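Written below as structure tokens is the structure these notes are about.
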Amino acid sequence: MTRQTSRNEAPAGADVATYALGLGDDVLVLAQRLSEWTARAPQLEDDVALLNIALDLVGQARNLLSLAGGRENPGRTEDDLAFWRDETEFRNAQIMELDGGDFGRTIARQFLVSAWHVPLWDGLRASTDPDLAAIAGKAVKEARYHVGYARHWLVRLGDGTPESRRRAQAGLEDVWPYVGELFEPDPVTERLVTAGAAPDPAVIEPVWREAVEAVLAEATLAVPPTVRRPTGGRRGVHTSAFGPLLAQMQHLHRSHPGASW
Amino acid sequence: MDVTTDERDFDRLVSADERVEPRDWMPEGYRRTLIRQIAQHAHSEIIGMQPEGNWIARAPSLRRKAILIAKVQDEAGHGLYLYGAAETLGVERADLLELLHTGRQKYSAAFNYPTPTWADVAAIGWLGDGAAIMNQVPLTRCSYGPYARAMTRVCKEESFHQRQGFEAMAVLCAGTPAQKQMAQDALDRWWWPVLMLFGPSDEASAHSARSMAWGIKRFSNDELRQRFVDATVPQADHLGLRIPDPDLRLEADGHYRFTPVDWNEFADAISGNGPCSRERIAHRVDAHEDGAWVRAAAQAYADKHGDRAARGAAA
Ligand SMILES: [Fe+2]
Ligand SMILES: [Fe+2]
């Protein structure tokens, strides 16, 4: 755990719930985007791989939302949280909800996010909250596979044909402005860092940046300049792409209130 | 090489119920029959991803979403094993896909029907994967080794899918009146297309007899269809669902008599004019064309770097 303090008191349940909700919404929304590739990947191996990543992310989302809902009083289930919250109640970072675009953008986003997940889950394994630590312990192994897959393709697209290079660079520039939000300080995370329950984003960022810059160099892609930093996902502010995603995801569940599936 | 010796060796392998392997001599008709059958099977796996994939985004619970993603991923994996088995017969996956995309090879016509409700996904698992098991378990003893081994892996997963589909159906049947109606409607939609999936009746099947002699096929289409009906009717009873066949009845011999499939009704679907035929192929062709630049990138990278994984598949 980074910035370990002597004040290792148990973190407040509400803070853990908020934190887990944000990370759970991240992976749920990203899984939703990835599954849009079903039966339309460039080749069958990628159908398998993208579905495999989506499946891992849904599994992580179920764990994180169950944890978040379980710390509330009265509690909510994973499905209460996934299907019965409106757009402004979702706490995912905006990068997760962006339209997947072409394969270049999908891979660029996956690489940047998975490269963040690896040090995040790795740090979270040492959390003073045993439930968060257990979820992170499984997730870090999955994230290593995800980053490996995305790196594999980013390098081939960047150092492939002129067209693939152009598309990979464009995809990278589409999503790059949204990475800032992943490292933004917020009061909940700061309290959890102090309690030893979460890794410090300020420590993760340079680890992430080093990993990303090494792969972009290998891919012969340029690190995009940061022109603006959209933000607000963790406070419920989302892009226009998010509403339709949510409407589609929630429609059937909400059409049959109280039903079991 | 003495051709008659080759033929004798081949006949001996088949009649002794041993496996023919890619390095073994085989009659050209045997090779062609296998390529056609394995390719059609592989195409069915990947086209089948479309009607089910249609519901991943809308799955009604996170548990069902995970189960459905895992299932569709399995089907993509089945496509991979099967194209791999076909490649041992000297054809390339890319060429087989080209034949699919240009309508020169077929896939299971059942996938030319739409999945308008969530219950259709449950019904495909219960009935479609149930039928697949009936068809494919005998293929684990097929005379061609790579196909038989691919089927052994595939059948384990198909039976898992069948149980999950039945369970999803059972939850609907125990649910609200709207859910139960959704389940019944889906059974009504899928019953006949699934019976059709076993292929034409024995008298009408051009390839059956020869495939039996070669040890590719073990049971006739009608025998497999009968087995499926016998296994499935009690399951429908258990669910409290009605099979859409007014003449269905249990005979003293323990088998269900059922109305013969009306092949006229399926003529369009089978000849590629089903409700979704154009859409399924157009979707496949679009995906393939959209991915061309990605595959070209992998090839260019491989050429530059001497990459062994020329296809670009992740390690
Ligand atoms: Fe399958
Ligand atoms: Fe299946």
For B:Lys106, counting only lysines whose alpha-carbon sits under 19 Å away and dropping same-chain residues fewer than eight positions off, the answer is B:Lys217
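Taking the Cβ-Cβ separation of A:Val237 and B:Ala292 as r and a Förster radius of 35 Å, what is the calculated FRET efficiency to the nearest 0.05?
Values: r = 38 Å, r/R0 = 1.08.
Result of the calculation: an efficiency of 0.40.
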Protection proxy ranking of B:220-232, B:246-258, B:89-101, A:94-106 - average other beta-carbon atoms within 10 Å, highest first | A:94-106, B:220-232, B:89-101, B:246-258
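Taking N as the number of residues in the stretch B:44-135, what is its Cα Rg relative to 2.2 N^0.38 Å? List each step's numbers first, then the result.
Working: Rg = 14.3 Å, N = 92, 2.2 N^0.38 = 12.3 Å.
Against the compact-globule rule of thumb, the ratio is 1.17.
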Of the accessible area of the protein assembly as shown, computed with a 1.4 Å probe and all protein chains kept, carbon and sulfur make up a percent value of 53
Among B:Pro114, B:Gly84, B:Ala42 - extreme Cα towards positive end, dipole of the protein assembly as shown, charges at beta-carbon = B:Gly84
If you take the charge dipole of the stretch A:13-255 about its Cα centre, with +1 on Lys and Arg Cβ and -1 on Asp and Glu Cβ, which of A:Trp208, A:Asn92, A:Gly123 is farthest toward its positive end?
-> A:Trp208
Where nothing but the Cβ of Lys and Arg (+1) and of Asp and Glu (-1) is charged, how large is the charge dipole of the protein assembly as shown around its Cα centre, in debye to the nearest 20?
-> 620
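Rounded to the nearest 500, what is chain A's calculated 222 nm mean residue ellipticity when only DSSP H runs of at least 4 contribute -39500 (n - 2.57) each, over all residues? Please report the intermediate quantities before stating the final value.
On the way: 9 runs with 160 residues, N = 261.
After summing the helix terms and dividing by the residues of chain A, the value is -20500 deg cm²/dmol.
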Taking the Cα centre of chain B as origin, work out the dipole magnitude from +1 charges on Lys and Arg Cβ and -1 charges on Asp and Glu Cβ, in debye rounded to 20.
-> 840
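About its Cα centre, how strong a charge dipole does the stretch A:13-255 have in debye, to the nearest 20, once Lys and Arg get +1 and Asp and Glu get -1 at the Cβ? Can you show the working numbers first?
Values: 25 positive and 35 negative charges, 38 e Å.
Its charge dipole is roughly 180 debye.
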Around A:Thr226, what is the net charge, scoring Lys/Arg as +1 and Asp/Glu as -1 over all other residues with Cβ under 14 Å from its Cβ?
-> -3
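Sorted by accessible area with a 1.4 angstrom probe, largest first, how do A:Val175, A:Val147 fall? Walk me through the numbers on the way to the answer.
Numbers: A:Val175 0, A:Val147 30 Å².
So the residues, ranked largest to smallest area, are A:Val147, A:Val175.
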Proximal lysines to B:Lys65, defined as alpha-carbon separation beneath 24 angstrom and excluding residues fewer than eight positions away on the same chain | A:Lys138, A:Lys141, B:Lys156, B:Lys180
Give, in whole angstrom and from largest to smallest, the semi-axes √(5λ) of the equivalent ellipsoid of the stretch B:188-300, with λ running over the eigenvalues of the Cα gyration tensor.
-> 36, 20, 15
Across B:48-56, the residue-averaged tally of Cβ atoms belonging to other chains within 10 Å stands at 4
Positive-end residue, the stretch A:131-261 charge dipole about Cα centroid, Cβ charges, pick of A:His238, A:Ser255, A:Ala168 | A:Ser255
For chain A, just the Cα set please: Rg and Dmax, both in angstrom.
-> 18.0, 56
Asked for the total accessible area buried by A and B (1.4 Å probe, Å², nearest 100), one would answer 4400
Mean separation of Cα contacts under 8 Å, 6 or more apart, over the residue count of chain A: relative contact order % | 29
So what is the calculated 222 nm ellipticity per residue for chain B, using -39500 (n - 2.57) for each DSSP H run with n of 4 or more, over all residues, to the nearest 500 deg cm²/dmol?
-> -20000 deg cm²/dmol
Heavy-atom accessible area per residue of the protein assembly as shown, all protein chains kept, 1.4 Å probe, expressed in Å², is 40
On the first, second and third principal axes, largest extent first, how far apart are the outermost C-alpha atoms of the protein assembly as shown in Å?
-> 80, 61, 39
The stretch A:147-216: relative contact order in percent, alpha carbon pairs under 8 Å with at least 6 residues between = 27
Separation between the B:Asp6 and B:Asp188 pseudo-spin-labels, each 7 Å from Cα along Cα→Cβ, expressed in nm?
-> 5.7
Cα-based Rg then Dmax for chain B, in Å, read 20.8, 71
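The values are calculated or read from the model by the stated rules, or taken from the named source; none is laboratory data. Computed from a prediction, not measured in an experiment: that's the story for all the values here. Every residue, glycine as well, gets a Cβ built from its backbone with ideal geometry; the counts of neighbours run over all protein chains shown. These accessible areas exclude ligands, DNA and RNA; they are computed on the full protein's heavy atoms, side chains included. Shrake-Rupley method; radii C 1.70, N 1.55, O 1.52, S 1.80 Å.
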